[in-house]
Amino acid sequence: MALTILLPASASSRAFRAASSIQLGYGVMVANIFALDPAVDMGFDWIAHFLRWADVQPSEGGGYHWGDLDNILRQAGSRGLNVLIRVDRPPDWAREPGTWETGPVRPDKLGQWQSFLREMAAHARAKIQAEGWDVEIAYEIWTEPNLSDEWGDLPPDPGYYTTMLQHAYWGIKAGDPQAIVVTAGLATTGGTPDGLNVDDLEFIRRMYDAGARGYFDVLGSHPYGFAFAPEDKTSNPILCFRRVEDQRAIMVERGDGDKPIWATEWGWLLDPAEKGVSCSWPYRDWQRVSEAKQADYLRRAFLYACRHWPWMGLMFVSNLDFSTAPWYKECEPMRWYSILNPDGSPRLAYTYLKEMPKPPCVKVYLPIAAKSYIAP
């Protein structure tokens, strides 16, 4: 199945260049930006990494420190890898006192947030052009703001997240009209009665109610598979890989059917016992899968999306190498989503994904600055 989105003849070609080559594709989330060769070896062409505003501008009114951004661009660009940069973690001076580092930007600091993103996007584009790298760049604004853990230990606020997203969009587009703006991938959850975790579908609806339409190019999603096969939507219709289909339905209802979704983080949790490690996770024990299932489910998920989701753009496996990160304890769950072992050797999932055919399943011409039309 192929999808082509036709642009009005009057649209600026520059405004659409960055997205014109996007298709259902193959990405991976990485911890070590200086060890990207395994991503290339797998045949993947996108990586996802992180940039903390707190590290770039620790002092209010101070200059910007672009070292981390330059490292991301250099390591990826020199290998021909496209980049999704997740931007979050405001500095202390831009958050409400007493909130966690994941806390939202204070209302009176939204102007600085917008300025930071404008300068970031402009700096990145200038760097890419100066070095002659033929790569694309996209920015994911925050992560899982429907969870209190990612919202400064405060009750999530879809309306205020939308305000932050709007300022982010204005800033990034002012700095680089070619950049792609992706909403925060939402955690798949049915919500909790205490309001500290908001149902992902309700969060999206309330984003649209608050005016999110027109302020992003791509909807981000985190469709983890939990304990179930990627095709399975009956065992648990909420906590499953195909939950993203329900998110898509809301986009269509709200008139955004011409925009794609990117799975910016997703995967299956390898049972540490398979590697001789004993871990106790009260809330995750039921999610464990064998090494063989992890590998098979990841491969089948790409195949399912290729066959059934013409609206799915990029899919970033979580994750390549968090198992190698020295700052994570042995039983940190992120280590067990990894497709590399702690010594950097491949787990079975890495081998499966490397050997997996990677066809350009769906060609998508994504509109960035004007309305698009889906050809019949």
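With q set to 0.16, 0.17, 0.19, 0.23 Å⁻¹, the log10 of I(q)/I(0) for segment 222-305, from the Debye formula over equal scatterers at the Cα positions, is -0.66, -0.73, -0.86, -1.12. Amide H contacts under 5 Å for Arg347: Leu340, Asn341, restricted to partners 5 or more places along the chain or on a different chain, H placed in the peptide plane at 1.01 Å from N.
Electrostatic bookkeeping for Gly211 treats Lys and Arg as +1 and Asp and Glu as -1; over the other residues with beta carbon under 13 Å from its beta carbon, the sum is +2.
Put in line by how crowded their Cβ is, counting other Cβ atoms within 10 Å and starting with the fewest, Thr351, Thr234, Thr163 read Thr234, Thr351, Thr163. Amide H contacts of Asp232: none lie under 5 Å away among residues 5 or more positions distant or on a separate chain (H built 1.01 Å from N in the peptide plane; Pro and chain starts excluded). Each of Arg243, Arg52, Arg248 was scored by other Cβ atoms within 10 Å of its Cβ. Listed from fewest to most, they are Arg52, Arg248, Arg243. Across Pro223, Pro38, Pro156, mean-square fluctuation computed from a Gaussian network of the chain (C-alpha pairs under 10 Å connected) peaks at Pro38. Residue exposure proxy: Glu150, Glu131, ordered by other Cβ atoms within 10 angstrom of their Cβ from fewest to most, comes out as Glu131, Glu150.
Once you reduce segment 56-89 and segment 257-297 to the center of their Cα atoms, the two points are 28 Å from each other. Annotation: lysines with alpha-carbon distance below 27 angstrom to Lys293 (same-chain offsets under eight excluded): Lys233, Lys275, Lys329, Lys354, Lys358.
3J(HN,Hα) along segment 50-65, derived from phi through the Karplus expression 6.51 cos²θ - 1.76 cosθ + 1.60 where θ = phi - 60°, amounts to 10, 9, 8, 4, 4, 7, 7, 9, x, 10, 5, x, x, x, 9, 9 Hz, with x in place of Gly and Pro. Using C-alpha pairs below 8 Å separated by at least 6 residues, the relative contact order for the chain is 24 percent.
Explain nothing, just the number: dipole magnitude of segment 103-150 about its Cα centre with +1 on each Lys and Arg Cβ and -1 on each Asp and Glu Cβ, in debye rounded to the nearest 20. Before the final figure, lay out the partial values.
Values: 5 positive and 9 negative charges, 67 e Å.
Taking the Cα centre of segment 103-150 as origin, the dipole is about 320 debye.
Using only the Cα atoms of the chain, what semi-axes does the equivalent ellipsoid have when each is the square root of 5 times a gyration tensor eigenvalue? Give whole Å, largest first.
Numbers: eigenvalues 160, 120, 102 Å².
They are 28, 24, 23 Å, listed from largest to smallest.
By the Cβ distance rule of under 4.7 Å, the chain has these cysteines without a partner: Cys240.
We did not get these values from a lab; they are worked out from the coordinates using the rules stated. Because the structure is a prediction, the values reported are computed rather than measured. Backbone-built Cβ (ideal geometry, glycine too); neighbour counts: all protein chains shown.
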